[in-house]
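Student: This is the structure I want to talk about, given as structure tokens.
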Amino acid sequence: MTMPDIHTPAATAPSRDSSTETPLLELRDVSRRFGSRPDLAARISIALGAAKPPPVVHALDGVDLTIRRGEVLGLVGESGCGKSTLGRIAAGILPPSEGQVLWKGEDRKTLRGKRRLQADLEAQMIFQNPMAALNPRMTIETLVSEAPQIHGMINGDRAAYVDDYLVKAGFDPAMKRRLPHQFSGGQRARVNIARALAVQPEFLVCDESVAALDVSIQAQILNLFMDLREDLDLTYLFVSHDLGVVEHISDRVAIMYLGRVVEEAPVAEVFARPNHPYTQQLLAEVPRIRPGKRHFNAMKGELPSPLDPPKGCHFHPRCPFVHERCRVEAPVRREIAPGHSSACHLNDVSAAA
Amino acid sequence: MTPLLDVRDLVTTFPGRGRALRAVDEVSFQLGRGEVLGLVGESGSGKSVTGFSIMGLVDAPGRVASGQILFDGEDLAQLDAETRRSLRGRRIAMVFQDPMMTLNPVLRIGTQMTETLHAHEKLSAAEARARARDALGLVGIPSPQERLDAYPHEFSGGMRQRVAIAIALLHRPDLIIADEPTTALDVTIQAQIISEFQKLTEEQGTSVIWITHDLAIVSGLADRIAVMYGGRIVEAGTITEVLTAPRHPYTRGLIRSVPSENTRGTRLAQIPGVTPGLGRMPEGCAFRTRCPRATEVCSERPGRFGDAMAYHRCFHPHEEALA
């Protein structure tokens, strides 16, 4: 497969010749399954047909994804579609069951020692619930300084180092001796951001980082993310179920459905010309502020269980255009326009016609 | 015609350090039959406590301190506990944010539904079961007969919320107070629930107070909107009036902080600062410390400018439409 050409006017990423540069992060055919590993006795009884194999959650199923330096990739999907698992694998805190994760062109699995540590520090994650992510018994100062201190990143004044990052995250350093519970949700979100920034990462995975915040605070944090991107030259993977937020912040958008990326395109392209039937229905439901009563029409059904995903195209039980082929054969994601790829059998039909 | 619900200067207080804190502060609004009111605000604005006050569910030491809640001409605030209980679930029902908290985890769905029916009506067990089954079918639960015997944990989040809505609609109430009923759900499930809810309440002519922080949902669902800040309704009016030409700087700031297709790649307009805690609300206009238009006069408490149906509480209201 060739690299998609992104020289479309819609690609608003900082002007670099991204098509030749090694991507910051590349996932190749990454799968992730969760389940218990049966012991010997269990394996024998399964082989003899005396027991059922243990349930396995297919969280990710053959995902290919490329994140270029300096861009913001939005990752959208319903709960349970595997977007958080993908975020964790991208951040390097969860290994894939199968497939390769290339960090700056090198397979993460083969990295050892200092280079491994370097790669781990360069990718950081900002979690959804800031209260759960912060140790309630550590002061803000300790929380932010712990990691850089262990990794020997502070040369000189520790307090000045912490203050610097707190200020970057818009947090008043005068309050750094307090504990997390003394702050509001928005302030805690800022501490989380400061902590992630303190180890000088290049790449941030934001997993629903603004979902728990009030609208006005959410706007402040989104603005902060955009400022930091410019100031520190950061790359983001922005995982969210909120289409409005993703539309606002992303350069490119990847849509996930039950463990697979079904569509990927520059943000303007995907909102203007959604190709996959799932994307079309999902985007039809973006709540927008438009005065005037309307009737809400909904996509039928719910996300099937990842314990037993449907055969063929995962979306076929809910798809209005389902035909025989969808039930047996999983569609491959193909480029349908420059920089725009989609995994749907209908594209073959229209191409042949 | 008198409105179904007429709330006048409602004040609900909770004891604070040495003084009563007003979680709901002189809230007034009217709701006609079959009308949908969106009650919008951020956390701590008092929107849920307003809902609880109307339901009579404010737990001690909190209490409705003053004001009237005229429901069908009768002041709920003056009724005894027993009369209020007989109204709850029958004429006024509530749907909560977290359906797992609404439903009893150790009782079958059918039991919880028939219990609600028996509480207000004399009917046989078989009749109650048939009613419960029909109600489940109405909210789009497949094979309702079998699902009556299921426990709440056997349902997905969206299905649980459907059950909660089915229970709320069992007695065909005149008024439903929906407190962030779709906040915990995915966009697709949210759209499903709203569409079912909308269909049913329209058919039954139910009035709805939809409490939410989500302006986008309210804009397509409600007839009228009331925006709350610091326990007060700072602006109220029809959806079109308030969303196209918001008068209060807070309403304007809130609308402009919502990310959308128009804000792509730009900075969002943000409201500076955070909502102060109830104990630290500034005197006068509660929003003045975050407001770009505030002047000296704002340290006095702004009254209601306008009439009962459309008003704002601002000394320096915006006149122009939102760009």
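The values are calculated or read from the model by the stated rules, or taken from the named source; none is laboratory data. Just so it is clear, the structure is predicted and the values come from calculations on it, not from any experiment. Here the Cβ is made from the backbone with ideal geometry for all residues, glycine too, and neighbour counts use every protein chain on show.
Student: Can you tell me which residues in segment B:73-90 are surrounded by fewer than 16 Cβ atoms within 10 Å (Cβ to Cβ) and either part of a strand (DSSP E or B) or in contact (Cβ under 8 Å) with a residue 60 or more places away in the chain (or both)?
Tutor: B:Gly73, B:Glu74, B:Asp75 - these are the residues of segment B:73-90 that are surrounded by fewer than 16 Cβ atoms within 10 Å (Cβ to Cβ) and either part of a strand (DSSP E or B) or in contact (Cβ under 8 Å) with a residue 60 or more places away in the chain (or both).
Student: Does B:Glu319 meet the test of being acidic (Asp, Glu) and either at the interface with chain A (Cβ under 10 Å from one of its Cβ atoms) or within 20 Å of A:Ala219 (Cα to Cα) (or both)?
Tutor: For B:Glu319, the condition - acidic (Asp, Glu) and either at the interface with chain A (Cβ under 10 Å from one of its Cβ atoms) or within 20 Å of A:Ala219 (Cα to Cα) (or both) - is not met.
Student: List the helices (runs of 4 or more DSSP H) that sit entirely inside segment A:142-255 and contain at least 2 residues that are away from every other protein chain (no Cβ under 14 Å) and either under 21 Å from the mean Cα position of the chain (by Cα) or polar (S, T, N, Q) (or both). Walk me through it before giving the result.
Tutor: Values: elements: A:158-168, A:185-197, A:215-232, A:243-249.
Passing ranges, in order: A:185-197.
Student: Okay, moving on. Report yes if some residue within segment B:111-128 is in contact with a Pro (Cβ under 6 Å, 6 or more places away or on another chain), more than 14 Å from chain A (Cβ to nearest Cβ), farther than 21 Å from B:Trp210 by Cα and basic (Lys, Arg); otherwise report no.
Tutor: No, segment B:111-128 contains no residue that is in contact with a Pro (Cβ under 6 Å, 6 or more places away or on another chain), more than 14 Å from chain A (Cβ to nearest Cβ), farther than 21 Å from B:Trp210 by Cα and basic (Lys, Arg).
Student: While we're here: Checking B:Val106 against (1) away from chain A (no Cβ under 14 Å); (2) under 29 Å from A:Ala284 (Cα atoms), which single condition isn't satisfied?
Tutor: Every listed condition holds for B:Val106 apart from (2).
Student: Also: Does A:Leu283 count as in contact with a helix residue (DSSP H, G or I) (Cβ under 8 Å, 6 or more places away or on another chain), aliphatic (A, V, I, L, M) and closer than 27 Å to A:Glu146 by Cβ? Explain how you work it out, then say what you get.
Tutor: Values: in contact with a helix residue (DSSP H, G or I) (Cβ under 8 Å, 6 or more places away or on another chain): yes; aliphatic (A, V, I, L, M): yes; closer than 27 Å to A:Glu146 by Cβ: no.
Here the answer is no, as A:Leu283 does not meet what is asked.
Student: Would you be able to tell me the number of residues in segment B:178-213 that are touching a residue at least 60 places away in the same chain (Cβ under 8 Å) and either part of a loop (DSSP other than H, G, I, E, B) or charged (D, E, K, R) (or both)?
Tutor: 9
So that you can scan it fast, the table gives a plain yes or no per residue for (1) modelled with pLDDT of 90 or more; (2) under 14 Å from B:Leu10 (Cβ atoms); (3) among the aromatic types (Phe, Trp, Tyr):
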| residue | (1), (2), (3) |
| --- | --- |
| B:Val49 | yes, yes, no |
| B:Ser66 | yes, yes, no |
| B:Leu76 | yes, yes, no |
| B:Arg90 | yes, no, no |
| B:Met101 | no, no, no |
| B:Leu107 | yes, no, no |
| B:Gln112 | yes, no, no |
| B:Glu115 | yes, no, no |
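Student: Turning to a different aspect of this structure: Across segment B:175-192, which residue is surrounded by the fewest Cβ atoms within 10 Å (Cβ to Cβ) among those that are within 24 Å of A:Ser79 (Cα to Cα) and more than 8 Å from chain A (Cβ to nearest Cβ)? Can you show your working first?
Tutor: Kept after step one, since they are within 24 Å of A:Ser79 (Cα to Cα), are these residues of segment B:175-192: B:178-192.
If we keep only those that are more than 8 Å from chain A (Cβ to nearest Cβ) as well, we get B:178-185.
Details: B:Ala178: 27, B:Asp179: 21, B:Glu180: 19, B:Pro181: 27, B:Thr182: 24, B:Thr183: 14, B:Ala184: 17, B:Leu185: 23.
Checked segment B:175-192; the qualifying residue surrounded by the fewest Cβ atoms within 10 Å (Cβ to Cβ) is B:Thr183.
Student: Here are A:Ala337, A:Ala343: which of them is in contact with a strand residue (DSSP E or B) (Cβ under 9 Å, 6 or more places away or on another chain), under 14 Å from A:Arg260 (Cβ atoms) and not polar (S, T, N, Q)?
Tutor: Going through A:Ala337, A:Ala343 in turn, just one is in contact with a strand residue (DSSP E or B) (Cβ under 9 Å, 6 or more places away or on another chain), under 14 Å from A:Arg260 (Cβ atoms) and not polar (S, T, N, Q): A:Ala343.
Student: With (1) more than 29 Å from B:Pro15 (Cβ to Cβ); (2) surrounded by 19 or more Cβ atoms within 10 Å (Cβ to Cβ) as the list, and B:Arg293 as the residue in question, which single condition is left unmet?
Tutor: Condition (2) is where B:Arg293 drops out.
Student: To continue, here is another question. Given the structure, is B:Arg8 surrounded by fewer than 20 Cβ atoms within 10 Å (Cβ to Cβ) and part of a strand (DSSP E or B)?
Tutor: Criteria met by B:Arg8.
Student: Going through B:Gly205, B:Gly137 one at a time, which residue ends up being closer than 30 Å to A:Cys319 by Cα and away from every other protein chain (no Cβ under 14 Å)?
Tutor: It is B:Gly137.
Student: Now a separate question. Name every residue in segment B:117-137 that is in contact with a Lys or Arg (Cβ under 9 Å, 6 or more places away or on another chain), touching a residue at least 12 places away in the same chain (Cβ under 8 Å) and not charged (D, E, K, R), in order of residue number. Even if it seems obvious, please write down each step before you answer.
Tutor: Here is the first cut: in segment B:117-137, the ones in contact with a Lys or Arg (Cβ under 9 Å, 6 or more places away or on another chain) are B:117, B:119-121, B:123, B:133, B:136.
Within this subset, residues satisfying the condition of being touching a residue at least 12 places away in the same chain (Cβ under 8 Å) are B:117, B:119-121, B:133, B:136.
If the condition is that a residue be in contact with a Lys or Arg (Cβ under 9 Å, 6 or more places away or on another chain), touching a residue at least 12 places away in the same chain (Cβ under 8 Å) and not charged (D, E, K, R), then B:Leu117, B:Ala119, B:His120, B:Leu136 are the ones that fit.
Student: Can we say A:Ala147 is in contact with a helix residue (DSSP H, G or I) (Cβ under 9 Å, 6 or more places away or on another chain), within 25 Å of A:Ser240 (Cα to Cα) and touching a residue at least 24 places away in the same chain (Cβ under 8 Å)?
Tutor: no
Student: Taking helices (runs of 4 or more DSSP H) that do not extend beyond segment B:91-177, which have at least 2 residues that are more than 25 Å from the chain's Cα centre (by Cα) and of a type outside the set (A, V, I, L, M, F, W, C)?
Tutor: In segment B:91-177, the matching helices (runs of 4 or more DSSP H) lie at B:109-120, B:125-138, B:144-147.
Student: Output the residues belonging to segment A:313-335 that are buried (at least 19 other Cβ atoms within 10 Å of the Cβ) and either in contact with a helix residue (DSSP H, G or I) (Cβ under 7 Å, 6 or more places away or on another chain) or not in a loop (DSSP other than H, G, I, E, B) (or both).
Tutor: Residues satisfying the conditions are A:Cys313, A:Phe315, A:His316, A:Arg318, A:Cys319, A:Cys326.
A quick yes/no check of all residues on (1) modelled with pLDDT of 90 or more; (2) among the hydrophobic types (A, V, I, L, M, F, W, C); (3) touching a Phe, Trp or Tyr at 6+ places or on another chain (Cβ under 8 Å):
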| site | (1), (2), (3) |
| --- | --- |
| B:Leu254 | yes, yes, no |
| B:Val258 | no, yes, no |
| B:Glu261 | no, no, yes |
| B:Gly265 | no, no, no |
| B:Leu268 | no, yes, no |
| B:Pro272 | no, no, no |
| B:Thr275 | no, no, yes |
| B:Ala286 | yes, yes, yes |
| B:Val297 | yes, yes, yes |
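Student: Okay, moving on. Please count how many residues of segment A:273-312 are at the interface with another protein chain (Cβ under 7 Å from one of its Cβ atoms), touching a strand residue (DSSP E or B) at 6+ places or on another chain (Cβ under 9 Å) and either part of a loop (DSSP other than H, G, I, E, B) or surrounded by fewer than 17 Cβ atoms within 10 Å (Cβ to Cβ) (or both).
Tutor: The number of residues fulfilling the criteria is 2.
Student: Please go through segment B:227-266 and pick out each residue that is more than 12 Å from chain A (Cβ to nearest Cβ), small (Gly, Ala, Ser) and part of a loop (DSSP other than H, G, I, E, B).
Tutor: B:Gly230, B:Gly231
Student: If you don't mind, another one. Any residue in segment A:169-186 that is hydrophobic (A, V, I, L, M, F, W, C), buried (at least 21 other Cβ atoms within 10 Å of the Cβ) and closer than 23 Å to A:Lys83 by Cβ?
Tutor: Within segment A:169-186, not a single residue is hydrophobic (A, V, I, L, M, F, W, C), buried (at least 21 other Cβ atoms within 10 Å of the Cβ) and closer than 23 Å to A:Lys83 by Cβ.
Student: A further question on this structure: Name the single residue that is nearest to the chain's Cα centre (by Cα) among those in segment A:256-294 being at pLDDT 90 or above and small (Gly, Ala, Ser).
Tutor: A:Gly259
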